[in-house]
Each structure stands twice: as C-alpha cells, then as structure tokens.
Amino acid sequence: MRTAEQGQKSVSLETTTIRLKVQSLGAMIGPAEFILPEGKTIDPFFSAPWSDETNHPLYTSLPPLLRKLRGEWPCVPFGRTTPPEGLKSDWKIKAPAENITSEINPHGISSNSEWSLEKKDNKSLICKLEYPKDHPIERLERTIVLSQNQPTLYLSLTIHARESTFLPIGLHPVFTLPTLPAAARISVSENTRAWTYPVEVETDNSWFQANQKDCKLNELVKRNGKTDRLRSLPFEEPSEDLVLLSGTGGEVKLDHLQGGYSATLNWDSETLPSCLLWISCGGREYYPWNGRVKAIGIEPIAAPFDLGIAQSGDLETPLAAAGIPTGIQLDPAKSLTINYSISIQSLPYSSK
C-alpha cells in the first residue's frame, strides 16, 4: 500500500460520450465530462475548491481524503473513526469495538491511500489497493468503464477479505448542487423512508432536526419545527445534514434544474440496502469548507450513517433493530463484487 505522501498521478479515459480523469488518491473520479446527445457537456461531480491551496497553513493537517476530494470513490470501511459527541442512549455503543489500528482517517484506508491504476484501453481502468498485513481486508479492485454509446459510467468494487469480518461498506459519489435555492430535486421510490443523523451534523446548523427515525419523506421536521418534504435542494439557509434513506430499491436521481440535466445512480440494493445523503449547503464555515460548498453525496451503504466500525457491529442500534443491515459479513473464501452505474441525461428545460 502506498500512502498519499508518496505522490499522486492520474489517468485519463475518453469515449465519444465521456471524458474523465481518475486520480490515484482514493481512485477518485474527477473531473468528468459527460457529452449529451445534443452536444452539451456536463461535469456533474463535485471537486473541492481547496485542492490547490497547498500553501494554506492548515492544508497539510487535512486527512488525505479531504485534500483532493472529488467525484466518486469507494469507502472500505465506511465512516468515521470516533463517534460524535452527544449520542443519546439508543445510539450508545453496546458491542465491543473491533480494533483496526491502521484505520486512522475517515472513510477507511481506501479513501486515503494511493491506488495503482492500470489502464486497459481508452475506455476502461482497473484500480487496485493492497491493505496492511494486519487488516482484515486483503485488497480491493475497482473497475471503471466508460460507455461507448451513451453518457453512462459502469463501475464495480471487488472486496477480498483476509479473514472473516463484519464491516460497514459504502460508495461515495458527490454531485454539485446549484447556486440557487431549490434549483435541484431528489427523486426516489415512494417506498423510501428517511432517518436523520442521531446528532446535529453542525451545531445549530442543520436543516432537519436530529434523530428522526423511519419517517416518510414528507414528514421530516425542520429545525424550526415545521414539516418539510425532502425533495428540493439546496436549502434556503446554510446547513449541513446527513439523511439515511432505506427502501430506495437501488436508484436515486438528482435533477439539476439550473443546469438542465439529471444524474441517476443505480446500484445493487441487496448488498448495499441504504443510501446516505450528505447534503452540504454551505453550513461549514471553518477551513477548508469556508461556507463555499454546495454539494450532495448520494452514498449507497451498508452502514449506520457514518458512525463507523463499532456502531456497525452493534445489533441494538435503532437501524439494526429495525432490520436495516449496518454492515456486510465478508468471507475470506469468497470475494464480494458490487456493481453500480452513473448516467447523465438532459432535462427538457432548465431553471435559471
């Protein structure tokens, strides 16, 4: 395994419908240009505006993941390394935590290490990452394939376990949101249920009240006490939210009305039964965010929000008690492959 300090590189892929780069850090995609049939070019992915601020005094203190944050990448394991403050008793960890000493950065070794990139041809790439010898994961393989005929990315993640282990796993696409309030909308199955983060993501700066469980999308309560439907984005005020969706059927669509396009994410919901929405509407005012981010992570997961390994293994948390899997049992005798896709389409109109 190479660390992020050992240098980065990127690989370019191109077909008649997509042009993109994949960086070795995290095997992250971005920038990416999807060429629509009418000739319009769209880059739907978020790229951190601080990526080139290497002279900032706080830049080197950032986790590698944050320094070059962009696009889409896998998280094995998914989540944070320490629990947030203020968890109520029903979210307190009751099971012993699995000790993985090499997990020191958010969203796992996979998000903070340099992958090897092996270009097969102009439209496909294989990314590989070896884990430390003391880690229950042995290696990851990630494939990225550009469609020749339509603006669609086909992706897969294969996990090879070194030993039997139960871990939270997730994928992490991040899309840009419009600058105008309510100039985008989220579309999901009518069977979808919503859970808000157990504590405020940012103190006094979340749009929805914390710790709402198994709600209909039109019954979520905002911080002002009024009910709101989770649909139109970005929100009108600076805010940061994490909302876990269950029952999506493995499809979420983001209509970017201001840009005149939609992005559709499809994945295997049998393996990753939930989807975590990270809705960032300029609610983080400290470096590197500085109130300048409007983006949404649409993140298929088998995980308890981003609460990490210990929470994942606790079968008494509200999610687990409701029958929503919070991790995946990995078997060293059999690898696990997760397939998913991201496609871009034109909308019939745009909102200025």
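The values are calculated or read from the model by the stated rules, or taken from the named source; none is laboratory data. Keep in mind that what you see is a predicted model, and the values were worked out from it rather than measured. Cβ coordinates were reconstructed from backbone atoms using ideal geometry, including for glycine residues, and neighbour counts include every protein chain displayed. Remember, those area values only see protein heavy atoms, side chains included, never the ligands or the DNA or RNA. Shrake-Rupley method; radii C 1.70, N 1.55, O 1.52, S 1.80 Å.
Quick notes
- Segment 298-352-segment 6-35 distance, computed between alpha-carbon centres (Å): 24 Å
- What the phi angles of segment 342-347 give under the Karplus curve with 6.51, -1.76 and 1.60, with θ = phi - 60°, is a coupling list of 10, 10, 10, 9, 6, 8 Hz, glycine and proline written as x.
- Cα centroid separation - segment 166-240 against segment 255-296, whole Å: 10 Å
- Solvent-accessible area per residue in the chain equals 41 Å², computed with a 1.4 angstrom probe and all protein chains kept.
- Largest GNM mean-square fluctuation across F175, F166, F208, computed for the chain with C-alpha springs under 10 Å, falls on F166.
- Eligible lysines near K128 by straight Cα distance, threshold 18 Å, same-chain separation 8 or greater: K9, K21, K119, K120, K334
- Those aspartates and glutamates that a straight Cα-Cα span of less than 17 Å connects to K40, excepting residues fewer than 8 apart in one chain: E14, D255
- Hull-based mean projected area of segment 96-137, where the convex hull spans the alpha carbons, in square nanometres: 3.9 nm²
- Remark: C-alpha extents of segment 159-214 on the principal axes read 47, 26, 24 Å, sorted largest to smallest.
- Take E14: with every protein chain present and a 1.4 Å probe, its accessible area is about 100 Å².
- Total formal charge among the other residues, if their Cβ is under 11 angstrom from that of L233, Lys/Arg +1 and Asp/Glu -1: 0
- Amide hydrogen neighbours beyond the local backbone of A184, cut-off 5 Å, H modeled: L233, L257
- Sulfur and carbon atoms: percent of accessible area, the chain [1.4 Å]: 47 percent
- A dipole drawn for the chain from +1 and -1 charges on Cβ atoms has a positive end, and of P173, P273, W91 the residue lying farthest that way is P173.
- Eligible lysines near K88 by straight Cα distance, threshold 20 Å, same-chain separation 8 or greater: K213, K222
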